[in-house]
1. If you put +1 on each Lys and Arg Cβ and -1 on each Asp and Glu Cβ, how big is the dipole of segment 22-97 around its Cα centre, in Debye rounded to 20?
2. Can you give the angle from 0 to 90° between the axis of helix 106-116 and the longest principal axis of the chain, with both taken from C-alpha atoms, to the nearest 10?
3. Per residue, how much accessible area does segment 1-82 have with a 1.4 Å probe, in Å²?
4. Using the Cα centre as the reference, give the magnitude of the dipole from point charges on the C-beta atoms of the chain (Lys, Arg: +1; Asp, Glu: -1; all else neutral), rounded to the nearest 20 debye.
5. Roll a 1.4 Å probe over the protein heavy atoms and report the accessible area of LYS264 in Å², nearest 10.
6. Hand me the chymotrypsin sites (Phe, Trp or Tyr not before Pro) from segment 1-51 located in a DSSP loop with no more than 11 other Cβ atoms within 10 Å, in residue order please.
7. In terms of the Cα gyration tensor, with a ≥ b ≥ c the square roots of its eigenvalues, is segment 161-278 rounded because a/c is under 1.5, prolate because a/b exceeds b/c, or oblate?
8. Using the Cα gyration tensor of segment 97-162, with a ≥ b ≥ c the square roots of its eigenvalues, what is the shape: rounded (a/c below 1.5), prolate (a/b larger than b/c) or oblate (neither)?
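The values are calculated or read from the model by the stated rules, or taken from the named source; none is laboratory data. Not measured: the values here are computed from a predicted model. Virtual Cβ from ideal backbone geometry, glycine too; neighbours counted across all protein chains shown. Ligands, DNA and RNA are stripped out before the accessible areas are found, and what is left, the full protein with its side chains, is counted by its heavy atoms. Shrake-Rupley method; radii C 1.70, N 1.55, O 1.52, S 1.80 Å.
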Amino acid sequence: MSHFHALACVFGNPIEQSKSPVIHGLFAKEFGIDLEYSKQLAKPDGFDAAANLFFENTRAIGANVTMPFKLAAYNWVDELSMQAKRAGAVNTIIRTPEGFTGDNTDGIGLVNDLLSHDVELKGAKVLLIGAGGAAKGAVPALVDAGIQTLYLYNRSSERAEALAEHINNFAPGLVSLYRDGDTHFDVVINATSLSLNNSLPELPVKIFKNHPAVYDMVYQAQTDTGSTVFLDHAIQHGCTKTIDGLGMLIGQAAHSFYLWFGQKPNTTKVFKHLRQLK
Ligand code: NDP
């Protein structure tokens with residue numbers, strides 16, 4: 001058999017900051033797979049053209065998709081996985097003999113990271129802050145993990161309501177909109193980009209009253225403590241289990257890699273490597 005030089009990429013705008021080429025490079029090395037993984041900057045309205053061009057090459061086995069193209073990718077693919085359908089967004093494209101399948105691995109990345117930190121999700125009351133692409137991607141996997149109630153909060157309440165309505169289609173009765181004064185959370189997940197600007201969501205500190213496990217999807221350290229402002233805030237209010245989004249980033253990449261190559265990479269090694277890079 002002749003040697004196969006596979007191509008994959010991540011589409012985004014901006015894309016320069018992406019760690020995906022490093023992560024997939026390390027995964028490929030573990031299995032001796034010859035993978036060339038590139039960053040593809042697409043124009044804001046140019047996802048389809050960029051994807052068509054990239055996949056003209058039959059060596060292109062798949063792609064990741066990040067902001068702001070997860071919806072464009074959802075519309076571009078020929079077929080959708082259950083996760084992608086329920087999320088309403090695609091972060092992974094897989095070439096198949098029939099065409100292209102869209103999947104979403106963000107939620108699996110998040111749930112695997114929570115479980116690896118011994119966060120109990122079965123029966124949990126979860127507060128999800130945010131209603132953008134990251135929040136949407138997280139929901140199907142949280143549902144599958146057996147959470148009891150998903151409390152939704154978003155700055156723009158219309159977006160939270162729209163997301164709640166969407167979730168009701170596949171998980172009836174699971175969602176409750178957050179109400180001021182709610183305190184009984186087991187897990188709090190910040191799925192906004194606020195920590196990137198050292199800002200906090202406008203929520204009372206009472207959300208930490210039950211000392212929930214606290215997750216922030218932002219993974220770049222922003223504060224002197226090497227954490228994010230949201231996690232520091234949670235610690236100040238008595239929370240002892242706080243986790244940033246680096247594990248989710250690596251976990252979603254690992255599941256994409258599995259969908260392309262059928263191999264499950266060692267994420268612990270890659271996590272240690274990336275933490276050192278910061
Ligand atoms: P979107 O732009 O789709 O959504 C942004 C969310 O943040 C919305 O809920 C928005 O609320 C909220 N928000 C933004 N600015 C403010 C503000 N000033 N005050 C209050 N709320 C605000 O982005 P994504 O959902 O795609 O990404 C969100 C974050 O998650 C990013 O930082 C991204 O890097 C991270 N992420 C991490 C991943 C990982 O693997 N760790 C994977 C995917 C994303 P509103 O609707 O009111 O505008």
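1. Charge dipole, segment 22-97, about its Cα centre: 220 debye, nearest 20.
2. So the inclination is approximately 60 degrees.
3. Accessible area per residue, segment 1-82: 56 Å².
4. Working: 23 positive and 27 negative charges, 88 e Å.
So the dipole magnitude of the chain works out to roughly 420 debye.
5. Surface open to solvent at LYS264 totals about 150 Å².
6. Sparse-neighbourhood loop chymotrypsin sites (Phe, Trp or Tyr not before Pro): PHE4.
7. Numbers: a/c = 2.24, a/b = 1.21, b/c = 1.86.
Cα axes put segment 161-278 in the oblate bin.
8. Working: a/c = 2.28, a/b = 1.14, b/c = 1.99.
Oblate.
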